[in-house]
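Here is the structure we will look at, set down as structure tokens.
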Amino acid sequence: MPNNKEVVLSLKNINIVFKQGKKKFHAVHDCSFDIYKGETFSLVGESGSGKTTIGRAIVRINQLESGEIIYKGKKISGQIPKEEDRQVIRNIQMIFQDPASSLNERATVDYIVSEGLYNFHLYKSEEDRLNKVTKAMESVGLLPEHITRYPHEFSGGQRQRIGIARSIVMEPEFIVADEPISALDVSIRAQVLNLLKQFQVERGLTYLFIAHDLSVVRFISDRIAVIHKGRIVELAESEELFNFPLHPYTHSLMSAIPIPDPILEKKKKLFTYDGSEHDYSVDKPSWVEIKPGHFIFANEKEKEIYKKKIQERKIHNEEFEKK
Amino acid sequence: MAEKKNKDDLFVLADNRSSDAEKIYAPNYSYWRSVVRSFFSKKTNYVALGVLIVILLLSFINPLVSGYTTDAPNINNGDLHLLPPGTTFDGIFYIFGTDHQGDSLFAAIWAGARTSLVLALVASAINMSVGVVVGAFWGYSKAVDKIMTEVYNIISNVPFILFVTVFMYIAGSGFWQLVAAMTITGWIGIAYFIRTQVIIIRDREYNLASRCLGTSIPRMVTRNILPYLTSVIVTLLSREIPSYISYEVFLSYIGVGIDASTPSLGRMIQMYATWMDQKPYVFWIPVAVAACVTISLYVVGQNLADSSDPKTHMI
Amino acid sequence: MERKKLLTIRHLDVKFNVRARILSAIRDITMEIYEGENIAIVGESGSGKSVLTKTFTGMLESNGVISHGKIIYHNKELEDTSVHVDPLDVYFYKQIKKELLEALKSCTSEEAKNLNTPERLNTLAVDLMCSIDRFPFFKKFGAFFKLKKIFSGAIKDNILLTDKKIDRLIAKVTFKVSPVDKNYVLPVKGDNIKAVCTIDLAKIKLNKDWQKIRGVRIATVFQDPMTSLNPIRSIGSQITEVIIKHRGLSNEEAKKEAISLMEKVGIIDAAKRFNEYSFQYSGGMRQRIVIAIALACRPQILICDEPTTALDVTIQAQIIQLIKDLQKEFGFTTIYITHDLGVVASVADRVAVIYAGQIVEIGKVEEIYYEPKHPYTWALLSSLPQLSEKGSELFSIKGTPPSLYNEVKGDAFAPRNPYALKIDFVEEPPMFEVTPTHFAKTWLLDPRAPKVESPKIIHDLHIKMAAKANLEGVMDDAK
């Protein structure tokens, strides 16, 4: 966790609505969070929760209905001048989920990795460009001779690494990784995660990691936000969240992860959540900081319950320490 | 015993050769080579392609050699009229016989076929180029979509054959009039089809990735969208070309096609229809040839379309 | 505790014809599946796990073929069959007998002559007649000619026609059917013989035979519930169709049965939702319906091919719990295919680890997790994120699985195996026994091999997992 708390990306009260003719779908409700420089911030939720929508809004693929996205002090959402749009593309890159469809099947790896370079003419000569491509390929563990081949000749893990090479060659500062390992085999996931970690250390990258696999997220993140039906329900540092989940949805999400231990799995109890435990008819909920660094979406009544829980745990821990 | 000892030596840790694991051993994939291989893996394609090549050669070379014209030079020479196929008259072998004007049916047919083929190729070329380009932009840009959909709804409600027939009545018969008739609105159906395909692939992740990298719309169309459409385009062509031949035959048959001075299969069939009972060969041979041309074009086109679909290269 | 065997798989090889090259997807797999057990097959994509289970239901793609081996399905009901002798069968019997006796004359070996007596050949001819009887009219001739040629050739070559040899020769064409009554020696037109057959799933070719097995006795739940259901038929009708076809119930009875099944798989308001269509159901509910359809005929074996990969994690947990509950209630065998070790820990009693078309380790779930012996299993366990310390690198296996187009020399995992011995590149290891229930295919278990310990990261797996899983209220005995 980096010490300098410099905010590099800030989302303020984002709402995203998808319209199809007369029908409206409110995908993201009033989300706000900050991401600090050099950290790995994870956004966790199930399909349809809105996490991918937020990721795509940051790279300006989706439009906001209301709210702002601020990158390094400058607004990057809505209508912005062309020059700033270019800056966004240079600085913020995205890694996509599905290695089978995120590469242009009819282009060689050479073109795929160089596409960004071509668009902004980020090379001095043909030799320089080739050099950049080769270096990017080698940094993800692929061989230079692969650049003349087509995507379908590679395995899933290799294709995902080509996708990473494509983003890395642009030398961004911020990467939105949209479920980059969900479609990969278990033993390949580690390769990709290690690669991302290595780049972060070498190049000082900041990541927004979008995922649904909590066990992986715990390992790589500094802070985690849990999103449910378009609303962020809880946000905290990762160990804090795993050790003291407060929101019932977070609880159900964690109990659902299968533990790779036969004895523990057989004893495990399953929590289900359907939203019926909340009564928001009179007492309206809001986004509060219930503990330093630990945010939660709750109304007054629930706030009191959570505060009591925190107190109980504090006492319990102190007694445990004494022993 | 010695062999076992040798094997025992092998029970030591080996040095790790992990970079070998990244190598790809399969030969480089080449799209067009796979297309050709896939096409020729079906035996029927050899036959269909052979028939098509023969037809093309005959259509383009024979008229030059035979010197056929529509002037009916032998109309007054009664002996030459309506000779059955295979007869030799005056030292000349008439493989298909002669028609009621004394012209060699063989020469007449290939001259007519040439006209049909040229017409089909020209009309297809124009319609496909305009249609694909318009369709690609139509599918990709939401702004263009709004305008073009209205245009399409109006134009497509007029039946094509009706439009062409009326146009030809007004413009008069002739080769270029027919080309115009078929291309003024012919491209829109193609454009619509391409637009639908483009909409399907527009939101695929690799296109989103290109947008993230700042790729401009023209480059997206040429490098991301159009290569995907190769198979679709070949399929369209395989239907378009034969259909124009059929249109020409039909229009000339009802009298609004090509003018009388240009050889035409359709007009021939119309002329010969009256002889169907007495001299059936005069009618059926041109019909059979017209059918052969259309069918061989269609078969080759369809199979080429299948072969150019990259998904079939995997099997 | 002698559990009954359901499937006996011996030396199975499956090959695919891809772009004129041969892909060996399954290479020499031998294993058993028992009644009422939960076995998980763990492997990565391309390892062959799906292909293996597709052979049990005859659902291999058209360019795939079982080139070697057998899959014997022990099912008393199917094994008992009857043969109706029609004039054609009598003709075949007579022709075969004549040909075999002719061939006997050219036999030169005394030993063979002593074994291949005319009586024995007569029994053989009767067996062959019964085995051919099941084919439809035109196919009978093909089978007849093939079997006739094989056996007369064998006799002429002085091969000893032991029972085993006969079984193996018949298996080249079809599976063997023989009369229960060993004294039945003269087939007569119109006879109805009670017969017994060994069902070799690898040899079944006729659709009418598969229809008795697929969906009825061996059912599959696939990964994608979106495409497993028919979008233009009502949900209820898809369940009742199966019930009516295979259990012979009337429409009303089938509907009642279907609704009770729907309730069992957790569909609320089942009676109302009976007439709805698949687009009105969410992904998790569709998968429940797929399970209901699979269970409609009370199958003996339920194959679950990554049934929860396409679902959210909370739905996944519910579906896994559902399958576990149903298994307890109905007692069928589940074969679970997955690559997720968490899911395996949740559902399995036994685990088979598959790599490059071979089973590399098989054993009870506790043995595999707490005492694994194969380096690939070590690698899979090591890459679990719960075992890694934050800030350090996650363990990963370098490289990619080998191409199965080329012949594999030695151990397929050797190029990526940090514990590889020189012999791994030369000769393929056999299966070594660790315990009567635990086997691993690695040279490291050979007494000549150096003592190699499993990686430290997977030692004390249970303790490490328990430490990480201290979730409030999730563990019943947390602290």
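Which entries of C:Lys212/C:Lys256; C:Lys208/C:Lys264; C:Lys15/C:Lys328; C:Lys140/C:Lys212 show an alpha-carbon separation above 29 angstrom in the structure shown? Present the calculation step by step, with values, prior to reporting the outcome.
On the way: C:Lys212/C:Lys256 24 Å; C:Lys208/C:Lys264 31 Å; C:Lys15/C:Lys328 36 Å; C:Lys140/C:Lys212 20 Å.
In this structure, C:Lys208/C:Lys264; C:Lys15/C:Lys328 lie more than 29 Å apart at Cα.
Each peptide among A:50-56, A:65-71 gets the average number of other Cβ atoms lying within 10 Å of its residues, and from highest to lowest they stand as A:50-56, A:65-71.
Across peptide B:212-224, the average count of Cβ atoms from other chains found within 10 Å of a residue's Cβ is 5. Sorted from longest to shortest, the spans of the Cα atoms of chain A along the three principal axes equal 65, 49, 42 Å.
Can you tell me the equivalent ellipsoid semi-axes for the protein assembly as shown? Use √(5λ) from the Cα gyration tensor, largest first, whole Å.
On the way: eigenvalues 662, 484, 178 Å².
Gyration-tensor ellipsoid for the protein assembly as shown: 58, 49, 30 Å.
Applying 1/(1 + (r/R0)^6) with R0 = 25 Å to the Cβ-Cβ distance of C:Ala171 and C:Val18 gives a FRET efficiency near 0.40. Across the cross-link table entries C:Lys49/C:Lys373; A:Lys284/A:Lys308; C:Lys373/C:Lys422; C:Lys54/C:Lys182, which are compared at the Cα atoms, the separations over 26 Å belong to C:Lys54/C:Lys182.
Database remark: amide H of C:Lys176 closer than 5 angstrom to the amide H of C:Thr198 (H placed geometrically; neighbours at sequence offset of 5 or more, or on other chains; Pro and chain starts carry no H).
Tell me, what does the Kirkwood hydrodynamic radius of chain C come to in angstroms if you use every pair of distinct C-alpha atoms?
Working: mean 1/r = 0.0394 Å⁻¹.
Radius from the Kirkwood sum: 25.4 Å.
The phi torsions of the stretch B:196-201, fed into the Karplus equation with coefficients 6.51, -1.76 and 1.60 and a -60° offset, translate into couplings of 4, 4, 5, 4, 5, 8 Hz, rounded to whole numbers, with Gly and Pro shown as x.
Just the number, please: percent antiparallel of the DSSP beta bridges in the protein assembly as shown, rounded to the nearest 5. Let's see the in-between values first.
On the way: 75 of 112 bridges.
Around 65 percent of the beta bridges assigned by DSSP in the protein assembly as shown are antiparallel ones.
Put simply, when C:358-365, C:431-438 are sorted by average Cβ atoms within 10 angstrom per residue, most first, you get C:358-365, C:431-438.
Counting other Cβ atoms within 10 Å of each Cβ, which chymotrypsin sites (Phe, Trp or Tyr not before Pro) in the stretch B:90-180 have at most 15 and sit in a DSSP loop? Don't skip to the end; give the middle numbers.
Numbers: sites: B:Phe93, B:Tyr94, B:Phe96, B:Phe106, B:Trp110, B:Phe137, B:Trp138, B:Tyr140, B:Tyr152, B:Phe160, B:Phe163, B:Phe167, B:Tyr169, B:Phe175, B:Trp176; in loops: B:Phe96.
When the chymotrypsin sites (Phe, Trp or Tyr not before Pro) of the stretch B:90-180 are filtered for loop state and at most 15 Cβ neighbours within 10 Å, nothing remains.
Over chain C, what is the percentage of antiparallel beta bridges among all DSSP beta bridges, to the nearest 5? Mind showing how you got there, number by number?
Values: 40 of 59 bridges.
Roughly 70 percent of the DSSP beta bridges within chain C come out antiparallel.
Could you tell me the total accessible area buried at the B-A interface, probe 1.4 Å, in square angstrom to the nearest hundred?
Working: alone 18140 and 17520 Å², together 32780 Å².
Answer for the B-A pair: about 2900 Å² buried.
The residues of the stretch C:67-167 expose on average 52 square angstrom of accessible surface per residue, using a 1.4 Å probe on protein heavy atoms.
Shielding by partners for peptide A:38-51, expressed as the average number of C-beta atoms from other protein chains within 10 Å of each residue's C-beta, is 1.
How many percent of the accessible area of the stretch A:7-275 is carbon or sulfur, using a 1.4 Å probe? Let's see the in-between values first.
Details: 4700 of 9670 Å².
It is 49 percent, rounded to a whole number.
Find, among the trypsin sites (Lys or Arg not before Pro) in the stretch C:228-329, those assigned to loop by DSSP (not H, G, I, E, B) with at most 12 other beta-carbon atoms within 10 angstrom. Display every interim value, and only then the final one.
Working: sites: C:Arg233, C:Lys245, C:Arg247, C:Lys255, C:Lys256, C:Lys264, C:Lys272, C:Arg273, C:Arg286, C:Arg288, C:Lys324, C:Lys328; in loops: C:Arg233.
For trypsin sites (Lys or Arg not before Pro) across the stretch C:228-329 that sit outside H, G, I, E and B with at most 12 neighbouring Cβ atoms in 10 Å, the list reads C:Arg233.
Helix C:313-330 against the longest principal axis of chain C: what's the angle in degrees, Cα atoms only, rounded to the nearest 10? The answer is roughly 40 degrees.
Counting only DSSP beta bridges whose two residues both lie in the stretch A:7-275, roughly 55 percent are antiparallel.
Here A:Glu277 sits with roughly 90 square angstrom of accessible surface, probe radius 1.4 Å. Relative to its Kirkwood radius, the Cα radius of gyration of chain B gives an Rg/Rh of 1.19. What does a probe at A:Gln311 reach in the stretch A:274-292, counting residues whose amide N is under 17 Å from the point 7 Å along Cα→Cβ? Backbone N within reach: A:290-292.
Entry note, the stretch A:7-275: relative contact order of 24 percent, from Cα contacts under 8 Å with a spacing of 6+ residues. For a straight C-alpha distance cut-off of 20 angstrom, the aspartates and glutamates reachable from C:Lys98 (same-chain residues fewer than eight places away being disregarded) are C:Asp86, C:Asp89, C:Glu119, C:Asp127, C:Asp133, C:Asp157.
A simple spin-label model places the labels of B:Ser156 and B:Ala180 2.7 nm from each other, with each point 7 Å out along Cα-to-Cβ.
At a probe radius of 1.4 Å, figure out the B/C buried accessible area, summed over both chains, and give it in Å² to the nearest 100.
On the way: alone 18140 and 24420 Å², together 40600 Å².
It comes to approximately 2000 Å² buried between B and C.
With the simple spin-label model, which puts each label point 7 Å out from Cα in the Cβ direction, the C:Glu119 to C:Asp28 separation comes to 4.1 nm.
Think of a 1.4 Å ball rolled over the protein heavy atoms: the stretch A:7-275 then has 36 Å² of accessible area per residue. Please build a GNM for chain A, connecting alpha carbons under 10 Å apart, and tell me which residue among A:Asn119, A:Asn104, A:Asn15 fluctuates the most. The residue with the greatest mean-square fluctuation here is A:Asn119.
Backbone amide hydrogens, once placed in the peptide plane, bring C:Asp191 within less than 5 Å of C:Val85, excluding anything fewer than 5 places away on its chain.
Straight-distance candidates among the lysines for linking to C:Lys105, with alpha-carbon spacing under 24 Å and chain neighbours fewer than 8 residues away dropped: C:Lys94, C:Lys97, C:Lys113, C:Lys146, C:Lys148, C:Lys149, C:Lys156, C:Lys164, C:Lys165. Here the accessible area of chain C is 54 percent carbon and sulfur, with a 1.4 angstrom probe and all protein chains present.
Adding -39500 (n - 2.57) for every DSSP H run of four residues or longer, then dividing by how many residues the protein assembly as shown holds, sets the calculated 222 nm ellipticity at -14500 deg cm²/dmol. Once both labels are positioned 7 Å from their Cα atoms along Cα-to-Cβ, the gap between A:Ile61 and C:Leu60 label points is 4.0 nm. The angle between the Cα long axis of helix B:105-140 and the main principal axis of chain B comes to about 40°, on a 0 to 90 degree scale. Pairs from the table (C:Lys4/C:Lys76; C:Lys139/C:Lys205; A:Lys268/A:Lys322) lying more than 22 angstrom apart at Cα are A:Lys268/A:Lys322. Give the shape of the stretch A:75-196 as rounded, prolate or oblate, defined through the alpha-carbon gyration tensor: a ≥ b ≥ c are the square roots of its eigenvalues, a/c under 1.5 means rounded, and otherwise the shape is prolate if a/b is larger than b/c and oblate if not. Note, shape of the stretch A:75-196 comes out oblate. Most mobile of A:Ala57, A:Ala183, A:Ala107 per a Gaussian network model of chain A (Cα springs, under 10 Å)? Largest GNM mean-square fluctuation: A:Ala107. Which of the aspartates and glutamates could a cross-linker bridge to A:Lys267, judged by Cα under 13 Å and excluding same-chain residues fewer than eight apart? Straight-line reach from A:Lys267, under 13 Å: C:Asp476, C:Asp477.
The values are calculated or read from the model by the stated rules, or taken from the named source; none is laboratory data. It should be emphasised that the depicted structure is a prediction, and the values quoted were computed from it without experimental measurement. We place every Cβ from the backbone using ideal geometry, glycine too, and count neighbours over all the protein chains shown. Accessible surface areas use protein heavy atoms only, side chains included; no ligands, DNA or RNA. Shrake-Rupley method; radii C 1.70, N 1.55, O 1.52, S 1.80 Å.
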